[in-house]
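In what follows, a structure is listed as structure tokens, so that the remarks can point back to it.
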Amino acid sequence: MTTPDVLPSLRYLVRGLAALFWGLPGTLLICVLISTAELPRVLGFLPALISTGLLLYGLYELARFSPQEREWQAALDRAKLLALALFGLSPFVYFWSRLPSEDYYLQSLVALAFIGLVFVYQLNHVLQRLAAMLPDETLREDTRFFTRVNLTLMILAGVLAGTYHVLDRMDSLPVVVLETLDQLQGFRPRLALLVLLVLLPISMTMSLIWKMKDTVLGMVFGARN
């Protein structure tokens with residue numbers, strides 16, 4: 001992995017991993033702030049485009065590493081499609097904040113949240129493929145463990161969101177369930193619950209990205225010594 005032919009391509013890994021490391025929390029934070037606070041809306045939907053664009057840029061940089069690896073490139077292609085969808089839907093966070101009563105904007109925002117969850121899910125698969133190509137057995141073991149935990153949490157988040165969607169459309173329910181649903185009727189409480197469910201997988205994904213970036217940097221500087 002540290003031959004002279006491979007070393008130049010490692011810089012693409014570093015750039016891509018760095019972009020993903022900052023783009024993940026940036027996208028989550030900016031979208032939440034635009035939807036709930038007035039001050040970030042001064043810049044319109046530009047911050048959301050920049051943060052989601054950073055994710056797309058990071059994936060394209062990763063794709064410049066080992067282009068001959070089919071499984072690696074296939075995982076990246078799926079992640080790039082999801083990132084492109086996030087990029088296209090991100091302005092609707094701003095549009096909904098201006099017209100929260102518009103049902104079309106709300107549906108677009110729900111689609112954005114769902115695609116974001118699937119994107120993080122697919123990104124964990126990308127990290128698994130990358131760890132398999134790096135010469136660090138400890139990193140591979142950590143990646144396998146944490147990606148399993150992340151995928152389990154994200155599946156749980158999807159199941160809970162689907163359950164809420166079904167229960168919200170049922171008429172005869174126990175009083176306790178109805179009271180709980182009433183408390184979650186507003187979009188902002190639902191958004192806060194989604195953030196809590198997704199925040200832990202995102203933080204663990206960021207930790208894996210940081211470890212991989214350190215491993216790649218160690219390979220570069222170790223090969224030069």
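Readers should treat all values here as calculations from the given coordinates under stated rules, not as data from a laboratory. Remember, it's a predicted structure, so these values are computed and weren't measured experimentally. When we count neighbours, we look across all protein chains shown, and the Cβ atoms used for this are built from the backbone with ideal geometry, even at glycine.
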Subtracting the Cα-Cα distance of L29 and Y60 from 0.36 nm times their residue separation yields 8.9 nm
Ranked from fewest to most other Cβ atoms within 10 Å of their own Cβ, M154, M206, M212 fall in the order M206, M154, M212
In this structure, the FRET efficiency calculated for S207 and T163 from their beta-carbon separation, with R0 = 41 Å, to the nearest 0.05, is 0.90
R70 and R140 label points (each 7 Å along its Cα→Cβ direction) are spaced in nm at 2.1
Going from the fewest other Cβ atoms within 10 Å to the most, one would list E71, E61 as E71, E61
Listed with the fewest Cβ neighbours within 10 Å leading, K213, K80 appear as K213, K80
Here the gain from full extension of L199 to F114, 0.36 nm per residue of separation minus their alpha-carbon distance, amounts to 29.2 nm
Low-density loop trypsin sites (Lys or Arg not before Pro), the stretch 82-167, at most 12 other Cβ within 10 Å, DSSP non-H/G/I/E/B, are none
